[in-house]
Amino acid sequence: MPDLAAVSNSGKTFDTYSAEFTRIAKRWSHANGRLYSQLRGVSVVNGSVQDLAPTVKAYVEENIDLCQPETVHICDGSETENNSLVNLMVQQGTITALPKYQNCWLARTNPADTARVESKTFICTENQSETIPTPKEGVKGALGHWIAPTNMEVAVKERFTGCMRGRTMYVIPFSMGPVGSPLSKIGVELTDSAYVVASMRIMTRMGQAVTQQLAKGADFVKCLHSVGAPANGFVEMPSWPCDPERTIILHVPKNNEIVSYGSGYGGNSLLGKKCFALRIGSTIAHKEGWLAEHMLILGITNPKGQKRYIAAAFPSACGKTNLAMMTPSLPGYKVECVGDDIAWMRFDSSGQLRAINPENGFFGVAPGTSTKSNPIAMKTIFKNTVFTNVASTSDGGVFWEGMEDDIPQGVTIKDWKGRKWTSESGSPAAHPNSRFCTPAAQCPIIDPAWEDPNGVPISAILFGGRRPAGVPLVYEARDWEHGVFIGATMRSESTAAAEHKGKLIMHDPFAMRPFFGYNFCHYLKHWLSMKNRSERLPKIYHVNWFRKGANGKFLWPGFGENSRVLDWILRRLDNEDCAMETPIGNIPKPGSLNLTGLKEDVNTDELFSIPKDFWREEVFAIEKYFQEQVGLELPEEIRQQLKALKKRVDTM
Ligand code: GTP
Ligand code: SPV
Ligand code: MN
């Protein structure tokens, strides 16, 4: 209700009183028999305009004018609010209940909207060279996409004008990182998707507490999102509106601004995640002297009770969530989870690298998650979780590849498109990129320090990927520069997390290729410059759980057995003499990787072999990649590293 008391200040004439009353009354309107305040003539059906910081209000108003929503809903993050959104989505058919579990929901997307779309993701800067290195003539750049400001303006106008007609614009105030931590950053996402609101409530700290920070004048990243209204007006699947033809995801580092249109899925729509915490985040980090990385963070305690933290960058769907929640097979070890996807890291005044997880939930790959592979995830996800594109069971539960043992006799399955499914159907039951969206606090091994405003101290950084051939289980960088080179030359088999078809070995430096917010070469220089920030830099490793033998099967059992690799790494951090030099880096001395109690036979010769032919090809591929994608801009240190590797491989 308007604050009439505030109007009736003593000493005012009746005319002023009446004029002020009219002015205030104008900001209110009737809808559904209720009184609502208004913004630009649009009813605000939840939350109070008075609570909005002037800067936020201006941002909302500007986009009301552009998107022309029917109503505005300012999110408070409450359970009541969430319940009403859930009810709305059930009514609209966007989600269905999963009565087998507590407060769990299944969303089925339009089959044309199931993953991130790298090819439609752009960074907008005045000059192309701020965003991407200049590729060799005739070569298509593969280190991000640039868009000019004028083109972006056209793209936005074309898509966003009136795109929320008949819909509600939700205003989501959110914090990446614990609210109020000096390392955290705030965002405001405007979206027309209730699914995005419900997901952002899990993935970020969202609502009232953040509104209060904003009211105190906190800066924020502007995040505008619409699922879109296709140009031809035809919405194929009203329960999941989207506009795949015209999907576009735009970032303006200069204004800390994100604009995303046409997709409701994951990294395309939950703008705190890849768009903010990585792309815009990396540009802020570059300016402020820290690192925003596609990395998990885990704590590991050895049998002596000594605890350390490790960060690891693997490309999408290459094992971050699984490693972050690992149940170690080696007796006496304990792993605790700080984060499974993103790390914000900076050196403190004593030269210790410290990391926070800016997220509040896990948006994890469902297929492959099982009581065998990731029991901790299985203990996390069956309450307060939104599942997307998994299969469903006749007893009100979920199913995906890997859950075969969990399905009771007589229970039938519908695939992610809602069609009857059996193991003979010939297609996967769950979409390969189907996901769970679940609160991090529910993880039974969440680290006690996971919300520490100062972050956790990082002792080692791992890079890795899916390398079916040639790349050993683990190797250690010779020094920081070599470590940066290893990150820069990462390659991995493509997965279902983005739109790439087939299993191509793709270059994915630092697992950041889809997420660089600025020119890769400037990013490399930034990483190299970290050398001057500390006397005690973390050690760097490369790991590969995915090497295959001649029979086409994985050579290494992975998952909990990866604790054996972490054990070797921790012993290296303690300066144990358990490594030997090879041309590509240091690998475990024969017999030094603890294999005691390993249930399967592992061919360690094959697992650790470094075939000369393979590595000559690898060096050649890296050389070609740098020549074509980066050219003369490549930092000299990296050029020297490549030269040295080539020489070592040639004299193998
Ligand atoms: P994003 O959320 O896309 O960034 O993926 P992620 O890096 O967190 O990958 P995740 O841990 O979800 O693993 C993806 C897939 O790889 C799942 O199907 C896992 O079962 C599988 N996987 C993870 N770790 C291992 C491992 O050690 N060995 C094998 N063979 N497969 C693994
Ligand atoms: C990834 O692809 O790396 C993810 C999923 O973590 S998404 O949020 O969709 O980007
Ligand atoms: Mn990821």
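The values are calculated or read from the model by the stated rules, or taken from the named source; none is laboratory data. What you see is a predicted model; the values in this text were computed from it and never measured. Glycine also receives a Cβ, built like all others from the backbone with ideal geometry; neighbour counts cover every protein chain displayed. The protein model used for the area step is the full one, side chains on, heavy atoms only, and it has no ligands, DNA or RNA in it. Shrake-Rupley method; radii C 1.70, N 1.55, O 1.52, S 1.80 Å.
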Where the only charges are on Cβ atoms (+1 Lys, Arg; -1 Asp, Glu), what is the dipole of the chain about its Cα centre, to the nearest 20 debye? 200 debye
Please express the shape of segment 568-617 as an equivalent ellipsoid: the semi-axes are the square roots of 5 times the eigenvalues of the C-alpha gyration tensor, given largest first in whole angstrom. 21, 17, 7
Around Ser193, under 14 Å between beta carbons, what's the net of Lys plus Arg minus Asp minus Glu among the other residues? -2
Non-local amide H neighbours of Arg205 (under 5 Å, H modeled in plane, Pro and chain starts lacking H): which ones? Ser175, Gly177
Would you work out if segment 370-442 is rounded, prolate or oblate? Take a ≥ b ≥ c from the square roots of the eigenvalues of the alpha-carbon gyration tensor; rounded if a/c is under 1.5, else prolate when a/b is larger than b/c, oblate otherwise. prolate
For Leu645, net neighbour charge (Lys/Arg +1, Asp/Glu -1) across residues whose Cβ lies under 12 Å away: +3
List Glu81, Glu236, Glu130, ordered by accessible area with a 1.4 Å probe, largest first: Glu236, Glu130, Glu81
The alpha-carbon center of segment 599-637 and that of segment 239-273 are separated, in whole Å, by 34 Å
Between 0 and 90°, nearest 10: helix 14-26 axis offset from the chain longest Cα axis: 40 degrees
In terms of the alpha carbon gyration tensor, root eigenvalues a ≥ b ≥ c, rounded if a/c is under 1.5 and otherwise prolate when a/b exceeds b/c or oblate, segment 47-200 is prolate
Report the convex hull volume per residue for the chain, counting only C-alpha atoms, in Å³. 176 Å³
Heads up, I need the accessible area for Tyr475: 1.4 angstrom probe, whole protein in place, Å², nearest 10. 20 Å²
Give me the distance between the Cα centres of segment 303-358 and segment 171-225, rounded to whole Å. 25 Å
Under 30 Å between alpha carbons, and skipping anything fewer than 8 positions from Lys100 in its own chain: which lysines qualify? Lys273, Lys320, Lys372, Lys379, Lys383, Lys414, Lys417, Lys420
Rounded accessible area per residue of segment 491-544, 1.4 Å, Å²: 37 Å²
Protection proxy ranking, peptides 89-95, 408-414, 305-311, average beta carbon neighbours within 10 Å, highest first: 305-311, 89-95, 408-414
Rounded, prolate or oblate: which fits segment 284-361, taking a ≥ b ≥ c as square roots of the Cα gyration tensor eigenvalues, rounded meaning a/c under 1.5, else prolate when a/b beats b/c? oblate
Degrees separating the helix 194-203 axis from the principal Cα axis of the chain, which is the longest one: 50 degrees
Tilt, helix 636-650 to longest principal axis of the chain (alpha-carbon atoms), in degrees rounded to tens, equals 30 degrees
Could you compute how much accessible surface Asp348 exposes when probed at 1.4 Å, giving the result in Å² to the nearest 10? 50 Å²
For segment 107-180, accessible area per residue (1.4 Å probe, heavy atoms of protein chains only), Å²: 44 Å²
DSSP beta bridges in segment 170-297 [antiparallel fraction, %, rounded to 5]: 60 percent
State the answer as a single residue: which of Pro173, Val630, Cys578 lies farthest towards the positive end of the charge dipole of the chain, with beta carbon charges of +1 for Lys and Arg and -1 for Asp and Glu, about the Cα centre. Cys578
Of all the Cα-Cα pairs you can form in segment 151-277, what percent are over 17 Å apart? 55 percent
Column: log10 I(q)/I(0), Debye, Cα scatterers of segment 477-631, q = 0.13 Å⁻¹: -0.76
Pull up the DSSP beta bridges for the chain and report the antiparallel fraction as a percent, rounded to 5. 65 percent
Assuming R0 = 51 Å, can you tell me the calculated FRET efficiency for the pair Ala209 and Arg536, based on Cβ-Cβ distance, to the nearest 0.05? 0.90
Rg [Å, one decimal], Dmax [Å, integer] - segment 93-177, C-alpha atoms: 19.2, 57
Under 5 Å from the placed amide H of Val44, counting only residues 5+ away or on other chains, we find Ser37, Gln38, Leu39, Val72
Grab the other residues whose beta carbon is less than 15 angstrom from that of Ala112, score K and R as +1, D and E as -1, and report the net. +1
Express the carbon and sulfur contribution to the solvent-accessible surface of the chain as a percent, rounded to the nearest whole number, probe 1.4 angstrom. 51 percent
